[in-house]
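Undergrad: Quick one: this structure, given as C-alpha cells, is what I'll be asking you about.
Every number in this text was worked out from the coordinates using simple rules, so none of it is lab data. Being a predicted model, the structure only gives us computed values, none of them experimental. Counting neighbours? That spans all protein chains shown, and the Cβs are built from the backbone with ideal geometry, glycine included.
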Amino acid sequence: MITKDSLLTLEAYAKIRTAQRADFIAHRRRRSVALGEHVTVQFEDEQTIRRQIQEMLHIEKIFDEAGIQGEIEAYAPLLPDGGNWKATMLIEYPDVHERRRELARLIGIEDRMFVEVEGHPRVYAIADEDLDRETDEKTSAVHFLRFEFPPAAREALRAGAACKLGCDHTNYPAHVAIGPETLASLAGDLR
C-alpha cells in the first residue's frame, strides 16, 4: 500500500532518481507487452505506481500533505488487488495524420482487449473506469484496463500456465504470447 509516509521526500527522491532510472526502466520493460506494431500494454504494480507518484511530486514540486494525498488517490486505482491485472494501454502512431486516422478507426478497441490463460475462457478488459476516453470521432491514445480473473485462472497463472494478450477489434486483430519473464512478474500480482 502506498501512503504519504511510505513515499520519499522530494530531496530524498531527487538523490536516488537518476541512479535508479535504469532499474526502473528494466522493471517497466519486463511488465510491458507489445501487441502488434502500434499497441503497448504496460502492466502496473506497486513499484510502477510508486515511481509514477514520486515523479509527479518531483516534477510538480508537490510537498504539501493535501497535494501528496491527491496524487496517491489519483494513481491508487491502478494498483492490482490480487485478483486482477491493471494496465495502461498506449496506442502509438508516430505520424500525426496516421494517428488521427487510426484513432478514428479504433473506437472501442479498449473493450476488445483480452488475456487468455491456457485452458480458460478469455478475460476481457474492463476499460477506463475513471472516465470515458473516446468520442464519436476517435478513441484516446491512452486507456486504463483491468483484467479480473476467476479463481481458477488465477491459480493456473500462479502455477505457470501460458497466457496470451490479444485484441479482437475488427481493425486491430492481434494476439501475442506473454513471455515467461513478464508472465512470472505478472503472476506475482495474483493471490
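Undergrad: Check each of the GluC sites (Glu not before Pro) in region 82-145 and keep only those in coil by DSSP with at most 16 other C-beta atoms within 10 angstrom; list them in order. Can you show the working numbers first?
TA: Numbers: sites: E92, E98, E102, E110, E116, E118, E129, E134, E137; in loops: E92, E118, E129, E137.
Passing both the DSSP loop test and the Cβ count: E92, E118, E129, E137.
Undergrad: Can I ask one more? Once the cut-off is 16 Å, how many percent of the Cα-Cα pairs in region 21-100 end up in the long-distance tail?
TA: On the way: 1927 of 3160 pairs.
Looking at region 21-100, the distances longer than 16 Å represent 61 percent of pairs.
Undergrad: Oh, and also: 222 nm [θ] for the chain, helices only, -39500 (n - 2.57) per DSSP H run of 4+, per residue, to 500? Intermediate values should be presented prior to the final figure.
TA: On the way: 7 runs with 70 residues, N = 191.
My calculation for the chain gives -11000 deg cm²/dmol from helical runs alone.
Undergrad: May I pose another question? To the nearest 0.05, what FRET efficiency results for E60 and A177 with a Förster distance of 45 Å applied to their C-beta separation?
TA: Details: r = 39 Å, r/R0 = 0.86.
That gives a FRET efficiency of 0.70.
Undergrad: Let me ask you something else. Separation between the Q20 and K4 pseudo-spin-labels, each 7 Å from Cα along Cα→Cβ, expressed in nm?
TA: That separation, rounded to one decimal, is 2.0 nm.
Undergrad: Between T135 and E155, what is the label-to-label distance in nm when each label sits 7 Å out along the Cα-to-Cβ direction?
TA: Each label point lies 7 Å from its Cα, and together they span 4.9 nm.
Undergrad: Still on this model: Once both labels are modelled 7 Å past Cα along the beta-carbon direction, what's the D95-R28 spacing in nm?
TA: 2.7 nm
Undergrad: Taking 0.36 nm per residue of sequence separation and subtracting the Cα-Cα distance, how much length would be gained by fully extending the chain between E118 and T170, in nm to one decimal? Provide the component values of the computation, followed by the final result.
TA: Numbers: separation 52, 0.36 × 52 = 18.72 nm, distance 2.34 nm.
Length gained, E118 through T170: 16.4 nm.
Undergrad: Distance check, please: which entries in K15/K61; K138/K164; K61/K86 exceed 21 angstrom between their Cα atoms?
TA: Numbers: K15/K61 15 Å; K138/K164 27 Å; K61/K86 27 Å.
Long pairs (Cα-Cα over 21 Å): K138/K164; K61/K86.
Undergrad: Please work out the ratio of the alpha-carbon Rg of region 84-163 to 2.2 N^0.38 Å and round it to two decimals. Write out the running numbers ahead of the final one.
TA: Values: Rg = 14.9 Å, N = 80, 2.2 N^0.38 = 11.6 Å.
In units of the globular-protein estimate, region 84-163 measures up at 1.28.
Undergrad: Find, among the chymotrypsin sites (Phe, Trp or Tyr not before Pro) in region 19-64, those assigned to loop by DSSP (not H, G, I, E, B) with at most 12 other beta-carbon atoms within 10 angstrom.
TA: Hits after loop and neighbour filter: F63.
Undergrad: Right, something else. With all pairs of different alpha carbon atoms counted, what Kirkwood hydrodynamic radius in Å does the chain show?
TA: Values: mean 1/r = 0.0562 Å⁻¹.
Final number for the Kirkwood radius of the chain is 17.8 Å.
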